[in-house]
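Below: the structure, in structure tokens.
The values are calculated or read from the model by the stated rules, or taken from the named source; none is laboratory data. Model, not experiment: these values are computed from the prediction. Don't worry about glycine lacking a Cβ; one is built from the backbone with ideal geometry, like all the others, and counts go over all protein chains shown. Heavy atoms of the whole protein, side chains included, go into the accessibility calculation; ligands, DNA and RNA do not. Shrake-Rupley method; radii C 1.70, N 1.55, O 1.52, S 1.80 Å.
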Amino acid sequence: MRTFPLALTAAVALASTVLLTGCGGGSGDSGGSDDDTKNADPANGSACALAGLGVEVGAGAAPAAGDTGTVTVTLTNKGAQCTLKGFPAVDLLAEGSTTKVLPEEGAQAQPLTLGSGATTSFTITYVRGAADPAKSLVARAASFTLPGAPEEAHELKWSYGPVARPEDGGQAEATVSGFESAGD
């Protein structure tokens, strides 16, 4: 039987631990979780922070109940290279309540590295609800955080009408996309 030196055995054990630690738990919640900090990929730069990004909002508001609208948030990196890995965590804020906006069904978040001056965007898609607060979420604002920086929130005024809820009063009918590359 061949014996390995103690240093080699320890190095193999450490490498195995590091590799296994990198495997996700598979919870499916990739927006705004405690895992966001480790989702910044040091090989591609640190996690993007809102303090280093310019924020612009554009909307294709839904004109009537039952129509679909979009709110696109464009982020411009004003600092050093950084990485977005995961989904933005978006909440709709109404009087006395907060509703989490889930990622689009089947969407896969891809890591995105932003160099200085580069832009990216994500889109909140929603169904406009009726004016009846019993059937809709009357949002006053939307708040979002970035993966890797869940403590920094940016709030934007919601002036796009109420957001529909299913008849059972469940989750608001809204989703958020992953980060998309913008520009060249």
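Worth pointing out:
- Leading residue by the ranking (surrounded by the most Cβ atoms within 10 Å (Cβ to Cβ)) among those in the stretch 64-93 that are under 19 Å from residue 141 (Cβ atoms) and aliphatic (A, V, I, L, M): 75
- Among residues of the stretch 139-172 being in a loop (DSSP other than H, G, I, E, B) and surrounded by fewer than 18 Cβ atoms within 10 Å (Cβ to Cβ), the one that is modelled with the highest pLDDT is 159.
- Looking only at the stretch 129-138, and only at residues there that are touching a Pro at 6+ places or on another chain (Cβ under 9 Å) and small (Gly, Ala, Ser), the one that is surrounded by the fewest Cβ atoms within 10 Å (Cβ to Cβ): 131
- Test set (1) over 11 Å from the mean Cα position of the chain (by Cα); (2) under 19 Å from residue 52 (Cα atoms) - residue 147 fails condition number: (1)
- Within the stretch 173-184, the set of residues being within 24 Å of residue 49 (Cα to Cα) and surrounded by 14 or more Cβ atoms within 10 Å (Cβ to Cβ) comprises 175, 176, 177, 178, 179, 180, 182.
- Sub-6 Å Cβ pairs linking a first residue in the stretch 96-112 that is farther than 24 Å from residue 170 by Cα to a second residue that is assigned to a loop (DSSP other than H, G, I, E, B), at least 6 apart or interchain, are 109/30; 109/86; 109/178; 111/41; 111/85; 112/179, ordered by first then second residue.
- The stretch 120-135, residues that are modelled with pLDDT under 95 and among the basic types (Lys, Arg): 135
- Within the stretch 118-129, residues that are free of Cβ contacts under 8 Å to residues at least 40 places away in the same chain and within 14 Å of residue 49 (Cα to Cα) reach no partner that is basic (Lys, Arg) and part of a strand (DSSP E or B) with beta carbons closer than 9 Å at six or more positions or on different chains.
- For the stretch 94-108, taking the residues that are aliphatic (A, V, I, L, M) and open to solvent by 20 Å² or more (accessible area, probe 1.4 Å), the one that is nearest to the chain's Cα centre (by Cα) is identified as 102.
- Being in contact with a strand residue (DSSP E or B) (Cβ under 7 Å, 6 or more places away or on another chain), under 21 Å from residue 111 (Cα atoms) and not hydrophobic (A, V, I, L, M, F, W, C) is a property that holds for residue 148.
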